[in-house]
Ligand code: SF4
């Protein structure tokens, strides 16, 4: 729960750019992994142990809490590195670790580090919450629970006065937005079986997202399946019933997506921030929901549904293998200099050209994800309407850019055109 008593908005951070995007767009906390032992080991660049201090420093400056995910199954040969990571997290003043294996829970507890229970433990009932309350103050519920079941657990925590090690009532966390597995949270062997690449070790190859056909081995007949993507659920979105979710008494709303780009984190966190604030100030409305949904569709998605929170037992399937985002980005230029006094950013165009009026995105480890419409620019020090590969471009920017930054053009995708035709 945040200090102003609103539900806590927890953002995914796969790298510094995504982390900065979360900080700039209203996250209350971030969660992230380092190196091998987290569920997104292969999804993105990940942080290293040496990044912990910088993560804490940059988050603390914005009053944002930091959660380190150590949520894989641990074997004996992992114990040494796990203990080292927990010790380093404690030294660096990370707020809490997100854990599933009892070895991690037990060690973090022994050194006095706050523990959050991972979705990998599939908490689905009050008695399990009571069991883990000896170790943990916050527990994420299994994604397969309905709103009614979440509320039953929250009511039970209050009624039975279930408190964590901090002495506070245990806080219930709920997944609010992002990818769902067709298997119960993380209990899936598809990737390990097909490609010897463990989903539990963060190396899922997403076999479920591909198209399949079913063959009768006796006759050789191939059965026709209406939806070829029979194992790929649509993504979860709760923004259209966020009011009902908050009213269950859940205290933390977790956004999935540590493998996602910074502009994804920026867009999703910005919309959920607005929605949470609108709920508490009494301005949550159908019109706003429609705008938020449209904005959420601009970034990676497999179409949306309310997941199991509305009591559905079977998933709704995506119908395509990739993203159905209504916008895409195309690389244009890299950052060169920033002149703070006149607030001018300088770029070298390396790929496609650009022109006035285009919707641009700049991303970088410290810059995060900044979007704007290009109103004017100079090419090689002369006012210009267009720039091409090899040009040096300068433009007025109210934020600092760096040589590590990349500039992209944002354009509509075929899904956006399709939606326009359908309307
Ligand atoms: S293959 Fe699909 S269902 Fe299995 S863990 Fe990976 S994303 Fe989840």
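The values are calculated or read from the model by the stated rules, or taken from the named source; none is laboratory data. Since the model is a prediction, treat every value here as computed from it, not as a measurement. For neighbour counting, all protein chains shown are included, and Cβ atoms are generated from backbone atoms with ideal geometry for every residue, glycine included.
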Review point. Residues of the stretch 367-380 being loosely packed, with under 15 Cβ neighbours inside 10 Å and either outside any strand (DSSP E or B) or assigned by TED's automatic domain parsing to the domain that holds residue 262 (or both), which ones?
Key: 375, 376, 380
Review point. What tally of residues in the stretch 55-83 results from selecting those that are more than 16 Å from residue 32 (Cα to Cα) and touching a residue at least 12 places away in the same chain (Cβ under 8 Å)?
Key: 8
Practice item. Could you check the stretch 244-351 for strands (runs of 3 or more DSSP E) lying wholly inside it with 3 or more residues that are under 25 Å from residue 206 (Cα atoms)? Key: 252-255, 327-339
Review point. Any chance the stretch 237-247 includes a residue that's within 16 Å of the ligand (Cβ to nearest atom) and closer than 20 Å to residue 31 by Cα?
Key: no
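Okay, residues lined up against (1) under 23 Å from residue 27 (Cα atoms); (2) surrounded by 14 or more Cβ atoms within 10 Å (Cβ to Cβ); (3) in contact with a strand residue (DSSP E or B) (Cβ under 8 Å, 6 or more places away or on another chain); (4) not assigned by TED's automatic domain parsing to the domain that holds residue 392:
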{"site": "285", "(1), (2), (3), (4)": "yes, no, no, yes"}
{"site": "289", "(1), (2), (3), (4)": "yes, yes, no, yes"}
{"site": "301", "(1), (2), (3), (4)": "yes, yes, yes, yes"}
{"site": "306", "(1), (2), (3), (4)": "yes, yes, yes, yes"}
{"site": "320", "(1), (2), (3), (4)": "no, yes, no, yes"}
{"site": "336", "(1), (2), (3), (4)": "no, yes, yes, no"}
{"site": "342", "(1), (2), (3), (4)": "no, no, yes, no"}
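Let's see how each residue does on (1) within 17 Å of residue 198 (Cα to Cα); (2) modelled with pLDDT of 95 or more; (3) more than 14 Å from the chain's Cα centre (by Cα):
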| position | (1), (2), (3) |
| --- | --- |
| 21 | no, yes, no |
| 28 | no, yes, no |
| 49 | no, no, yes |
| 65 | no, yes, yes |
| 78 | yes, no, yes |
| 89 | no, yes, yes |
| 98 | no, yes, yes |
Practice item. Might you let me know whether the stretch 131-151 holds any residue that is within 16 Å of the ligand (Cβ to nearest atom), more than 27 Å from residue 241 (Cβ to Cβ) and either part of a helix (DSSP H, G or I) or in contact with a strand residue (DSSP E or B) (Cβ under 7 Å, 6 or more places away or on another chain) (or both)? Key: no
**Study point:** In the stretch 172-201, residue nearest to the ligand (Cβ to nearest atom) [restricted to those that are under 20 Å from residue 264 (Cα atoms) and assigned to a loop (DSSP other than H, G, I, E, B)]
**Key:** 181
Review point. In this structure, does residue 140 turn out to be touching a residue at least 60 places away in the same chain (Cβ under 8 Å) and touching a helix residue (DSSP H, G or I) at 6+ places or on another chain (Cβ under 9 Å)?
Key: yes
Exercise for review: Might you check whether a residue that is part of a loop (DSSP other than H, G, I, E, B), modelled with pLDDT under 75 and more than 11 Å from the ligand (Cβ to nearest atom) occurs anywhere in the stretch 202-223?
Suggested key: no
Exercise for review: Would you mind finding the one in 242, 190 that is surrounded by 15 or more Cβ atoms within 10 Å (Cβ to Cβ) and closer than 14 Å to residue 309 by Cα?
Suggested key: 242
